[in-house]
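Read the structure below first, then the notes.
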Amino acid sequence: MDAHPHVTLSDVARAAEVSLATASRALNGTTKVRADLRERVLAAARKLAYAPNAHAQALAGGTHRTVGVVCHDVSDPYFAAIARGVMRVADDKGFLVMLASTFRDPQKEIAYVSMLRAQRASAILLVGSGFEDRAWSKALTEELEPYQRGGGHVAVVSRHRNVRADSVQPENKRGAEQLARTLLDLGHRRFTVLTGPRKLTTVVDRLTGFRRALAEAGVELSEDDIFESTFTRDGGYTAMRRALDRGLKSTCVFAVTDVMAIGALTALREAGVNVPDDVSLAGFDDIPVVRDLTPSLTTVALPLEELGEKAMELALRGEKSARSRVVRVPAEVVVRDSTKEVRV
């Protein structure tokens, strides 16, 4: 029977009623899968005429010069800029980079790591926030530890709780604190915050830093001031619409990523709210497009390509040590036209 080109690993996992990671391990021949689960997965794969992903097959032919990069969404400018840094170093060193997007699904991340292990990639880079999820952390560790014992190298960008690997960590908390103090210096005392899901460590860190600096100044940020949505432009738009529908009383909106801020800006414009005359708006990351917005966006700048470069360098050095190496990358507040002083 010919393999159907649109059948995915997710289809097989769903048909077998197992997780993506279990399906991946079963198909890759990993011994840590119970016999009954393996048979269910193989039966589902046969029934659906599943064919392995072409990218995974390509990895098999490049076992010594291939790096797998698993990120949340390569179409997001934040991840695209980091990937550019990764690829620059990889190209200099003669490595092929294979990219995979999880779309912030923790099970997909584990499944991709399992695939890369099976295909003997030289290094694995996990780019993007970890998850505040013990089960995910345990499952990921179970994939990474044997890979590392076998000589594979791992590096991560951002904080991954309980995952033992070299890491490049942007100063998310400190950057958010600095932004809050900058906005306080402009006279703002009433804030609305637009966040992504709080299961993501990046969201937790940025929200914690922002809240802490406000508290130090005697300004309370209540749960009613925080609007959670997806970590995307559309998520920012939706969260901003909800805040507007409730009645926006804040003088400043902080979106925890620039892409959310872009969506928020559109929602404000559609509602006839002028930025910054009626309300100030700030983001985080300094993706290239935000300086060209009208108004240009106040944000916290991270050297995104440098994050990718440093992660790739850590992975390729791959030194054996008792403790994981941590490279901290500072953040810097950049004030542009989307914020202004509050008139008394």
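Numbers below:
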| read-out | value |
| --- | --- |
| Single condition Ile82 does not satisfy, out of (1) in a helix (DSSP H, G or I); (2) at pLDDT 80 or above; (3) surrounded by fewer than 22 Cβ atoms within 10 Å (Cβ to Cβ) | (3) |
| Residue list for the stretch 104-128, filter: over 15 Å from Arg164 (Cα atoms) and among the small types (Gly, Ala, Ser) | Ala111, Ser114, Ala118, Ala121, Ser122, Gly128 |
| Some residue of the stretch 180-187 being touching a helix residue (DSSP H, G or I) at 6+ places or on another chain (Cβ under 8 Å), surrounded by fewer than 22 Cβ atoms within 10 Å (Cβ to Cβ) and not assigned by the TED database to the domain that holds Phe79 | yes |
| Neighbours by Cβ (under 7 Å, 6+ apart or cross-chain): first from the stretch 128-152, open to solvent by 40 Å² or more (accessible area, probe 1.4 Å); second in a helix (DSSP H, G or I) | Glu132/Thr201; Glu132/Val204; Asp133/Pro106 |
| All positions within the stretch 1-23 that are at pLDDT 80 or above and of a type in the set (Ser, Thr, Tyr) | Ser19, Thr22 |
| Criterion: open to solvent by less than 30 Å² (accessible area, probe 1.4 Å) and in contact with a helix residue (DSSP H, G or I) (Cβ under 7 Å, 6 or more places away or on another chain) - qualifying residue of Leu214, Leu200, Leu244 | Leu214 |
| Arg317, sole failed condition from (1) closer than 25 Å to Asp205 by Cβ; (2) in the same structural domain as Phe103 (by the TED database) | (1) |
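The values are calculated or read from the model by the stated rules, or taken from the named source; none is laboratory data. Not measured: the values here are computed from a predicted model. Quick reminder, even Gly has a Cβ in these numbers, built from the backbone with ideal geometry, and neighbours come from all protein chains shown. Accessible surface areas use protein heavy atoms only, side chains included; no ligands, DNA or RNA. Shrake-Rupley method; radii C 1.70, N 1.55, O 1.52, S 1.80 Å.
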